[in-house]
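Presented below is the structure to which this report refers.
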Amino acid sequence: MAVTEPEKILVVIDMQKDFIDGSLGTPEAEAIVDRVADKIRTYDSEHVYATRDTHLDDYLETQEGQNLPVVHCLKGSNGWRMSRRLSPLIREDHIFDKPTFGSLDLADKLSSLNDHAKDGIAIELVGLCTDICVVSNALLFKAEMPEVKISVDASCCAGVTPEKHEAALDTMESCQIHITNRK
């Protein structure tokens with residue numbers, strides 16, 4: 001009897017200018033861009049999805065804006081755009097704009113893919129920020145699809161700080177999300 005494999009899906013979280021070298025950028029975020037590009041190239045384009053943090057002009061009036069009063073990822077702005085090195089690698093119809101940390105729409109899409117795939121799916125996440133949007137989406141996907149293998153490539157993620165990156169990896173690992181390429 002042949003061993004079957006689930007379809008492998010890559011989810012690229014918020015690899016946008018403002019998080020890389022813009023208003024909330026960090027050297028750690030800049031350092032992962034080429035690794036994320038290399039990772040994307042290992043997947044068929046139909047199996048690569050992405051999120052894009054998307055805020056409107058009233059951002060500072062939102063709960064997030066009250067807690068993080070740094071305007072970022074305003075829809076249509078330069079900082080909202082995906083990294084120029086990555087955007088050619090991701091199909092526009094596979095990008096999910098999200099107004100908050102996790103994408104319910106993407107979770108629903110992945111759940112539907114899992115339901116219709118002959119042998120299910122396996123999800124790998126990469127991107128920014130490990131301790132905010134990566135962990136939020138990983139836990140959201142795990143809650144929606146508890147039997148789907150979900151992994152995070154630590155070498156293709158960066159947190160707000162290196163310490164918060166590590167703490168988020170610990171949290172995800174505690175929730176049965178597989179962590180790969182951890183230093």
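Just a few scattered comments:
- Helices (runs of 4 or more DSSP H) fully within region 1-82 that include at least 1 residues being within 17 Å of the chain's Cα centre (by Cα) and farther than 19 Å from Asp131 by Cβ: 17-20, 27-40.
- Test: residue in region 99-113 that is under 14 Å from Lys8 (Cα atoms) and touching a Gly at 6+ places or on another chain (Cβ under 7 Å): no
- All positions within region 19-46 that are among the polar types (S, T, N, Q) and surrounded by fewer than 16 Cβ atoms within 10 Å (Cβ to Cβ): Ser23, Thr42, Ser45
- Close pairs from region 69-89: first in contact (Cβ under 8 Å) with a residue 40 or more places away in the chain and farther than 14 Å from Gly22 by Cβ, partner part of a helix (DSSP H, G or I) and β-branched (Val, Ile, Thr), Cβ under 6 Å, at least 6 apart: Arg85/Val33; Leu89/Ile40
- Test: Ser103 is of a type in the set (Gly, Ala, Ser), surrounded by 11 or more Cβ atoms within 10 Å (Cβ to Cβ) and more than 16 Å from the chain's Cα centre (by Cα): no
- Taking region 124-183 as the range and being closer than 18 Å to Leu106 by Cα, in contact with an Asp or Glu (Cβ under 7 Å, 6 or more places away or on another chain) and basic (Lys, Arg) as the test, no residue passes.
- Qualifying residue in region 159-166 (condition: in a helix (DSSP H, G or I), over 18 Å from Tyr43 (Cβ atoms) and touching a residue at least 60 places away in the same chain (Cβ under 8 Å)): yes
- Residue match in region 65-83 (condition: among the basic types (Lys, Arg), within 22 Å of Glu30 (Cβ to Cβ) and either out of contact with any Leu (no Cβ under 8 Å at 6 or more places or on another chain) or surrounded by 13 or more Cβ atoms within 10 Å (Cβ to Cβ) (or both)): yes
- Selected residue (only one of Leu140, Leu110 is surrounded by 14 or more Cβ atoms within 10 Å (Cβ to Cβ), touching a residue at least 40 places away in the same chain (Cβ under 8 Å) and not in a loop (DSSP other than H, G, I, E, B)): Leu110
- From the list Ser151, Ser112, Ser155, the lone residue that is of a type in the set (S, T, N, Q) and farther than 22 Å from Thr4 by Cβ is Ser155.
- Members of region 121-137 that are buried (at least 21 other Cβ atoms within 10 Å of the Cβ) and part of a helix (DSSP H, G or I): Thr130, Asp131, Ile132, Cys133, Val134, Val135, Asn137
- Boolean, Ala158 is crowded, with 20+ Cβ neighbours inside 10 Å, of a type in the set (A, V, I, L, M), within 25 Å of Cys73 (Cβ to Cβ) and within 12 Å of the chain's Cα centre (by Cα): yes
- Residue satisfying condition, being under 21 Å from Gly120 (Cα atoms) and either touching a residue at least 60 places away in the same chain (Cβ under 8 Å) or in contact with a His (Cβ under 9 Å, 6 or more places away or on another chain) (or both), within set Tyr59, Tyr49, Tyr43: Tyr49
Since every read-out is calculated from the coordinates, none of them should be taken as a lab result. Values in this document were obtained by computation on a predicted structure and should not be read as measured data. Please note: Cβ atoms are built from the backbone with ideal geometry, for glycine as well, and neighbour counts cover all protein chains shown.
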